[in-house]
2 protein chains.
Amino acid sequence: MRKERDKVKIIPLGGLSEIGKNITVIEYKDEIVVIDCGLKFPDEEMLGIDIVIPDTTYLKKNINKVKGIFLTHGHEDHIGALPYVLKEINVPVYGTKLTLGIVESKLQEHNLNGVVDLRCVKAKDVIKLNNMSVEFIRTSHSIADSTAIAVYTPVGIILHTGDFKVDYTPIDGSVIDLARFAELGKRGVTLMLADSTNVERPGYTMSERTVGQTFQKFFAVAKSRIIVATFASNIHRIQQVITAAEKYDRKVAISGRSMENIMEVALNLGYISVKKNTLINIDNINKYPGNKIVIITTGSQGEPMSALSRMAASEHKKVNIIPGDTIIISANPIPGNEKLVSRVINQLFKKGAEVIYEALADVHVSGHACQEELKLMHTLVKPKFFMPVHGEYRHLKQHADLAMNLGLNPNNVVIADNGDVIEVSRDSIRKTGTVVSGQVFVDGLGVGDVGNIVLRDRRHLSQDGILTVVITIEKETGTVIAGPDIISRGFVYVRESEDLMEEARELVRDVLKDCQEKHITEWSSIKSNVKEVLRSFLYEKTKRKPMILPIIMEI
Amino acid sequence: MRKERDKVKIIPLGGLSEIGKNITVIEYKDEIVVIDCGLKFPDEEMLGIDIVIPDTTYLKKNINKVKGIFLTHGHEDHIGALPYVLKEINVPVYGTKLTLGIVESKLQEHNLNGVVDLRCVKAKDVIKLNNMSVEFIRTSHSIADSTAIAVYTPVGIILHTGDFKVDYTPIDGSVIDLARFAELGKRGVTLMLADSTNVERPGYTMSERTVGQTFQKFFAVAKSRIIVATFASNIHRIQQVITAAEKYDRKVAISGRSMENIMEVALNLGYISVKKNTLINIDNINKYPGNKIVIITTGSQGEPMSALSRMAASEHKKVNIIPGDTIIISANPIPGNEKLVSRVINQLFKKGAEVIYEALADVHVSGHACQEELKLMHTLVKPKFFMPVHGEYRHLKQHADLAMNLGLNPNNVVIADNGDVIEVSRDSIRKTGTVVSGQVFVDGLGVGDVGNIVLRDRRHLSQDGILTVVITIEKETGTVIAGPDIISRGFVYVRESEDLMEEARELVRDVLKDCQEKHITEWSSIKSNVKEVLRSFLYEKTKRKPMILPIIMEI
């Protein structure tokens, strides 16, 4: 039945050479399976950008082929672009119960509830399409109900691990289905795509359960309130806080919008087990003595508007940090957030609180597989071909090296880029082309209306500000009849720079006179003369390069 | 002779609750000793700022008292503000040979050579002032020729450790003078100020020599060129690269301006020992086979304009990274630089180079004392009073805790702030007031002309750009005779937003008409009406808040 020439296309539209924005296309003839649809948080140089989503032009063009988006788990970097992408291609979305619960609450925020066909699956479920079928396989990760995805194709099994770690003692007892990975390996996996996030770390990621032990240790000795900040989506972490609170007879209050949202989803769907009367409203925390209270809050990354940051800055309406409070920051700073987290820690210490964070105690474990876990996965799955995913180039490279060290033929390992088309058959793999891919910036309500020119201007403005030069000219004669007026913002203290500005005005007057004498009447020429003279004058005087914006009004 | 009421003032003008900008005043009657005079690199939110220096108004006001600036070592965060501060208070500067060599090259850049009275000292030297004297004591650190400073005052010894670690096997054989610290401790130290940078790290900082062993390991196997990026000032690190290069018969070339500068200083002063013919000009690297070449370069922090970044981006004129090159990044990313470093690593890997960095091998050690070393220092010096310095609040707090855990009375420990006046006598220590202190921003040629308003504007501009509205009005009648013109930068793609802009113009016209009808002629009122209408219109349409700058011209 199988044609030897059969080929399946793998097209990563995001998640390669970057952290986040994970989305992978698996295409066979008229069928496309999409795995995940995530967002990325902006780099520092993407000024003013709220989030970054993948360019899904390719899916729009092939909308009739797309059979569905299959989600591995409910983290933002795997589901966060859905509300934007589904507006353009409304296809069925498959995921486990918790994953879809989170997706649903997200779609509601975007007024998309009821519009999208959400199809709930369980681990071990297989979705049959025409030529392919899709199986969900239980994994461990820092969010509950995570899965890997195996796609059965005419060229064999393509396995996408999703984000995973190997946790033998997960909080919900739902252990990663190593046996299934071994079965697939025995049967023969043509291609594996696997998480590369922690490939630089030797050894094993510790079990989530070890964090619970640390919690218990601190809960046993804390004499007043305990405030735990963690990722809202880490339901097992939250469960462990609740378990420790119940053991030490403390009430639990929730702070922070995303924490409240996820708690609601998790409670409704039964992912959190909590005794009656444990949970209290944050408004009621002062009705109990400090040693009877735990607050679970957002803000573990020091995000300026988060609940913990507001507490630290005395701007939280309900929680006022006082000496004796114990604050546990149960997360590592994501690269780029170190300074924000540090600022919050400093503020909390200054208020007299005890602050427990990763440098001081084991209050966090990663959700991603370290080297030994990756080796285990490779050894069980024994794929013929391997393509590292989810990571910067350094991670992909090292994951490729790891696979080759385990014996994989270097020709069978592909480090791809976003937009690459990788064609895989039963006995070959190669890049055969590229499709449109990239990043789309979301800024406020605008999706894609901020591009490189706008960002370049923002960067320019951010460094040295702007200087606006306004001139009113009489149309007929070209005579200046008002101005030049010069107004600056973000450049210098205006009051202390009056002389500089007067000199600048004088220079502009000279340029205008000069232009008139030389009969230069093209606005663009006048403007560029003004710009050039001001630019070099200001650079000489200040060694700064503000944006210069000449405006000519004509009457 | 001693009066029991004698008091010495300690005034930290920088370095507390921050990393960098270290400067401490020790004052007795008409004598002021200043220890260090450093800069700080700007935080992300200090847009466009080049460096941050301490506010030294207090020194200017007391210039007649200032007997000199005494430098512990030659790092930027201890000497970098000198060119700015010396322009205002030209006092003698004391430091060891290498420290002053670096200072001299820095003063030259600011055209201050010959103007400043530089006084070279050696470890163990004592500078006698009128009522106080100042002793330099050898320490270990990540730059050669580092010292602690003991100030002998009428209230006893005040010891400032400077930045230090305990390295029993330093590269230059010049071991930290633990015996002297012990002697002072025996004699009695009234107050110790000690480095808190690494107080969160348990154990010991490894010896600088261990990095040399790692170098040798990689040099033994590298088949082509080796490129080592490190801090220019880490002369011992550079020495170890040279030593390894000579052992494996490789020539050494230097790349990067600061690396070249420091090499020149270090070679001239005899701080680097190198065989004849080892060093070659970077222009000549291609005259040798790859396995005969080592390049030492700047850029270990991923700084965008640094030599290594330019190599990684194929923008370096002399060095072109090729497959087979081994690049060793011999430094840890300073908090805030993680993403920059990561970008460079990714680019280098993409060019086919092998990249060795801290996540993969022991290619760096810190220059600061970890907990066990701090305990050693406290135990040797046994100060009566203790004031942690050099660190964010979290570090100061934990260093204070460490001292108390060693038995110091909590009342004898002071966590101070920049600008605090701490009065210390033989048997008391307390804060008695504050002096002017703070940060002065250096931006291009401007020192202090960029303040909070300018920065606030830059932040605003960076997020959503600017919208300029220009109107020309006839003075007499208040009639609009040109405009409103609207020009935006950094807000939206202009081409795709013509409708939005036209609508905005229409709104402004309405406002102006309305103003005229209501006989509102105050420019400020008209402007604020225009601003308000546009602000809410644009926010509704885009959920963005660009800066709105209305300009009215009058003819």
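Summary of values
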| item | result |
| --- | --- |
| Lone qualifier among A:P335, A:P289, A:P304, A:P323 - being open to solvent by 10 Å² or more (accessible area, probe 1.4 Å), within 14 Å of chain B (Cβ to nearest Cβ) and farther than 23 Å from B:D417 by Cβ | A:P335 |
| Filter result for the condition that a residue is among the polar types (S, T, N, Q), touching a residue at least 60 places away in the same chain (Cβ under 8 Å), in the same structural domain as A:I322 (by TED's automatic domain parsing) and assigned to a loop (DSSP other than H, G, I, E, B), over A:S273, A:S233 | A:S233 |
| Filter pass, B:V389 being closer than 23 Å to B:C37 by Cα, in contact with a Leu (Cβ under 6 Å, 6 or more places away or on another chain) and away from every other protein chain (no Cβ under 12 Å) | yes |
| Count of the stretch A:191-224 residues which are farther than 17 Å from A:H395 by Cα and within 30 Å of the chain's Cα centre (by Cα) | 11 |
| A:H395 vs. criteria away from every other protein chain (no Cβ under 14 Å) and touching a residue at least 12 places away in the same chain (Cβ under 8 Å) | no |
| Out of A:G438, A:G448, A:G483, A:G433, sole residue that is surrounded by fewer than 17 Cβ atoms within 10 Å (Cβ to Cβ) and either more than 27 Å from the chain's Cα centre (by Cα) or of a type in the set (S, T, N, Q) (or both) | A:G433 |
| Lone qualifier among A:D427, A:D401 - being of a type outside the set (A, V, I, L, M, F, W, C) and part of a loop (DSSP other than H, G, I, E, B) | A:D427 |
| Among the candidates B:K339, B:K351, B:K317, residue that is at pLDDT below 95, basic (K, R), closer than 16 Å to A:R394 by Cα and outside the structural domain of B:E183 (by TED's automatic domain parsing) | B:K339 |
| Test set (1) closer than 20 Å to B:L107 by Cβ; (2) open to solvent by 20 Å² or more (accessible area, probe 1.4 Å) - B:N64 fails condition number | (1) |
| Scan of the stretch A:351-402 for residues that are open to solvent by 20 Å² or more (accessible area, probe 1.4 Å) and acidic (D, E), ordered by number | A:E354, A:E358, A:D362, A:E372, A:E392, A:D401 |
| Filtered residues of the stretch B:87-99 (kept if open to solvent by 10 Å² or more (accessible area, probe 1.4 Å), under 18 Å from B:I137 (Cβ atoms) and not aromatic (F, W, Y)) | B:K97 |
| Conditions (1) within 45 Å of the chain's Cα centre (by Cα); (2) within 13 Å of chain A (Cβ to nearest Cβ): number failed by B:V533 | (2) |
| Residues of the stretch B:26-49 that turn out to be within 14 Å of another protein chain (Cβ to nearest Cβ) and surrounded by fewer than 19 Cβ atoms within 10 Å (Cβ to Cβ), as a count | 3 |
| Residues being among the aromatic types (F, W, Y) and within 22 Å of A:P154 (Cα to Cα) - total across the stretch A:12-58 | 1 |
| Enumeration of residues in the stretch B:451-472 that are under 19 Å from A:D443 (Cβ atoms) and open to solvent by less than 10 Å² (accessible area, probe 1.4 Å) | B:R458, B:L461, B:S462, B:G465, B:I466, B:L467 |
| Members of the stretch B:252-262 found to be surrounded by 23 or more Cβ atoms within 10 Å (Cβ to Cβ) and over 22 Å from B:N286 (Cβ atoms), listed by number | B:I262 |
| So A:D249, is it surrounded by fewer than 24 Cβ atoms within 10 Å (Cβ to Cβ) and not assigned by TED's automatic domain parsing to the domain that holds A:L71 | yes |
| Qualifying residue in the stretch A:286-293 (condition: aromatic (F, W, Y), out of contact with any Phe, Trp or Tyr (no Cβ under 6 Å at 6 or more places or on another chain) and over 26 Å from A:T99 (Cβ atoms)) | yes |
| Any chance B:K543 is over 27 Å from A:L500 (Cβ atoms), more than 10 Å from chain A (Cβ to nearest Cβ) and either touching a residue at least 12 places away in the same chain (Cβ under 8 Å) or not hydroxyl-bearing (S, T, Y) (or both) | no |
| Boolean, A:S273 is open to solvent by 50 Å² or more (accessible area, probe 1.4 Å) and either modelled with pLDDT of 95 or more or over 15 Å from A:V228 (Cα atoms) (or both) | yes |
| Count - residues of the stretch A:441-500 that are assigned to a helix (DSSP H, G or I), at the interface with chain B (Cβ under 8 Å from one of its Cβ atoms) and free of Cβ contacts under 8 Å to residues at least 24 places away in the same chain | 4 |
| Residue ID - most open to solvent (accessible area, probe 1.4 Å), chosen from residues in the stretch B:403-419 that are touching a residue at least 24 places away in the same chain (Cβ under 8 Å) and within 14 Å of chain A (Cβ to nearest Cβ) | B:D417 |
| Unique match (being modelled with pLDDT under 95 and within 20 Å of B:T197 (Cβ to Cβ)) among B:D362, B:D417 | B:D362 |
| Selection from the stretch A:508-524 of residues that are surrounded by 15 or more Cβ atoms within 10 Å (Cβ to Cβ) and farther than 13 Å from A:I471 by Cβ | A:I520 |
| The stretch A:414-424, subset in a loop (DSSP other than H, G, I, E, B) and not small (G, A, S), residue farthest from A:M404 (Cα to Cα) | A:N418 |
| Which numbered condition A:R187 misses (of (1) closer than 17 Å to A:Y204 by Cβ; (2) open to solvent by 30 Å² or more (accessible area, probe 1.4 Å)) | (1) |
| Residue match in the stretch B:89-106 (condition: of a type outside the set (A, V, I, L, M), more than 25 Å from B:G173 (Cβ to Cβ) and within 17 Å of the chain's Cα centre (by Cα)) | yes |
| Wholly within the stretch A:291-390, helices (runs of 4 or more DSSP H) carrying at least 3 residues that are free of Cβ contacts under 8 Å to residues at least 60 places away in the same chain and in contact with a helix residue (DSSP H, G or I) (Cβ under 6 Å, 6 or more places away or on another chain) | A:338-350 |
| Single match in A:T243, A:T197, A:T230 (criterion: at pLDDT 95 or above, open to solvent by 60 Å² or more (accessible area, probe 1.4 Å) and β-branched (V, I, T)) | A:T243 |
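The values are calculated or read from the model by the stated rules, or taken from the named source; none is laboratory data. Keep in mind that what you see is a predicted model, and the values were worked out from it rather than measured. So basically every Cβ, Gly included, is an ideal-geometry build from the backbone, and we count neighbours across all protein chains shown. Ligands, DNA and RNA are stripped out before the accessible areas are found, and what is left, the full protein with its side chains, is counted by its heavy atoms. Shrake-Rupley method; radii C 1.70, N 1.55, O 1.52, S 1.80 Å.
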